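These notes concern the structure reproduced below.
The values are calculated or read from the model by the stated rules, or taken from the named source; none is laboratory data. Here the structure is a predicted model, which means the values were calculated and not measured. So basically every Cβ, Gly included, is an ideal-geometry build from the backbone, and we count neighbours across all protein chains shown.
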Amino acid sequence: MLIEPQELYNYAVTEGVTCTSFEMIDGDVETRGYADGRWIHLNLPTQKAIHRITINGTNIINAMIYEKLEGEGRWRAFMQIQNNESRIIKMRVSGVVTEAIRIYISGTTDDEKQASRYDPRRGAIVPQIRLGRAFIHELEVYGLVSKGESRE
């Protein structure tokens, strides 16, 4: 039995893919796209098996990545980014077959801690943070394709 050779293909640059910011998927690592508040959404034209996600040029420290499940409004967290110090994040993924992913960013290098204040509703001192704008230069979502197979 012969095994057909496979290669990784970046689905994010495929026709019909949409993203919160086009600059994140334009194939140019020099451009910078910004999150919509703390969310980034990437929609594929059809369901694909995801094997790797790479985030190039980012200020993200902490985030949670979700896959869209069958049914309306159903999502499942499958990857967490914690205490990232690199501008490039590479993640191997297994068991994710989806038509959309979304990323919730809970911390960036541009977030600024401010003086804590007393919150009477909680009865406690609460640290204050001024949120920075989360950005990504290039979001890459890879799947395996057999050599010679259509990538559309």
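Any idea which of (1) surrounded by 14 or more Cβ atoms within 10 Å (Cβ to Cβ); (2) modelled with pLDDT under 95; (3) of a type outside the set (Asp, Glu) is the one ASN56 doesn't satisfy?
Of everything listed in (1) surrounded by 14 or more Cβ atoms within 10 Å (Cβ to Cβ); (2) modelled with pLDDT under 95; (3) of a type outside the set (Asp, Glu), ASN56 misses just condition (2).
On the given criteria, is GLY16 at positive phi and either modelled with pLDDT of 95 or more or surrounded by 15 or more Cβ atoms within 10 Å (Cβ to Cβ) (or both)?
Judged against the criteria, GLY16 is a match.
Of all the residues that make up the range 26-58, how many are among the basic types (Lys, Arg), in contact with a helix residue (DSSP H, G or I) (Cβ under 9 Å, 6 or more places away or on another chain) and either part of a strand (DSSP E or B) or closer than 22 Å to THR98 by Cα (or both)?
Filtering the range 26-58 for residues among the basic types (Lys, Arg) gives 32, 38, 48, 52.
In the following step, the residues that additionally are in contact with a helix residue (DSSP H, G or I) (Cβ under 9 Å, 6 or more places away or on another chain) were identified as 32, 48.
Restricting the remaining residues to those that are either part of a strand (DSSP E or B) or closer than 22 Å to THR98 by Cα (or both) gives 48.
Selection size over the range 26-58: 1.
Can you say whether VAL97 is in a strand (DSSP E or B) and more than 11 Å from the chain's Cα centre (by Cα), as far as the supplied structure shows?
Working: in a strand (DSSP E or B): yes; more than 11 Å from the chain's Cα centre (by Cα): yes.
Here the answer is yes, as VAL97 does meet what is asked.
Inside the range 27-44, can you point out the residues that are surrounded by fewer than 17 Cβ atoms within 10 Å (Cβ to Cβ) and touching a residue at least 60 places away in the same chain (Cβ under 8 Å)? So that I can check it myself, show each step before the final result.
So the first thing to find is which residues in the range 27-44 are surrounded by fewer than 17 Cβ atoms within 10 Å (Cβ to Cβ), and the list is 27-31, 34, 36-39, 41, 43.
If the condition is that a residue be surrounded by fewer than 17 Cβ atoms within 10 Å (Cβ to Cβ) and touching a residue at least 60 places away in the same chain (Cβ under 8 Å), then GLY27, ASP28, VAL29, GLU30, THR31, TYR34, ARG38, TRP39, HIS41 are the ones that fit.
Conditions: (1) in a strand (DSSP E or B); (2) at pLDDT 95 or above; (3) of a type outside the set (Val, Ile, Thr). GLU23 meets all but one. Number of the miss?
Status for GLU23: all satisfied but (1).
How about the range 100-112: which of its residues are in a strand (DSSP E or B) and over 14 Å from the mean Cα position of the chain (by Cα)?
Step one: of the range 100-112, the residues in a strand (DSSP E or B) are 100-108, 112.
Hit for the range 100-112 is GLU112, nothing else.
Looking at ARG52, ARG38, which is the one that is closer than 25 Å to THR109 by Cβ and in contact with a Ser or Thr (Cβ under 9 Å, 6 or more places away or on another chain)? Can you show your working first?
Details: ARG52 fails: in contact with a Ser or Thr (Cβ under 9 Å, 6 or more places away or on another chain).
The unique qualifying residue is ARG38.
Inspect the range 68-87 for any residue being more than 15 Å from VAL141 (Cβ to Cβ), surrounded by 13 or more Cβ atoms within 10 Å (Cβ to Cβ) and among the basic types (Lys, Arg) and give the result as yes or no.
For the range 68-87, residues more than 15 Å from VAL141 (Cβ to Cβ), surrounded by 13 or more Cβ atoms within 10 Å (Cβ to Cβ) and among the basic types (Lys, Arg): present.
What number of residues in the range 69-84 are among the hydrophobic types (A, V, I, L, M, F, W, C), within 14 Å of GLU99 (Cα to Cα) and outside any loop (DSSP other than H, G, I, E, B)?
So the first thing to find is which residues in the range 69-84 are among the hydrophobic types (A, V, I, L, M, F, W, C), and the list is 69, 75, 77-79, 81.
Then drop every residue that is not within 14 Å of GLU99 (Cα to Cα), which leaves 69, 75.
Then drop every residue that is not outside any loop (DSSP other than H, G, I, E, B), which leaves 75.
Qualifying residue count, the range 69-84: 1.
Mind checking which residues of the range 78-127 are under 21 Å from PRO45 (Cα atoms), without any contact (Cβ under 8 Å) to a residue 40 or more places away in the chain and in contact with an Asp or Glu (Cβ under 9 Å, 6 or more places away or on another chain)? It would help to see each step written out before you state the result.
Taking the range 78-127 and keeping what is under 21 Å from PRO45 (Cα atoms), we get 78, 93-103.
Filter once more, so that each one left must be without any contact (Cβ under 8 Å) to a residue 40 or more places away in the chain: 78, 95.
Correct list: PHE78 only.
Given the residues ILE61, ILE55, which is the only one that is more than 13 Å from HIS137 (Cβ to Cβ) and of a type outside the set (S, T, N, Q)? Lay out the reasoning, then the answer.
Values: ILE55 fails: more than 13 Å from HIS137 (Cβ to Cβ).
Selected residue: ILE61, the only one of ILE61, ILE55 that is more than 13 Å from HIS137 (Cβ to Cβ) and of a type outside the set (S, T, N, Q).
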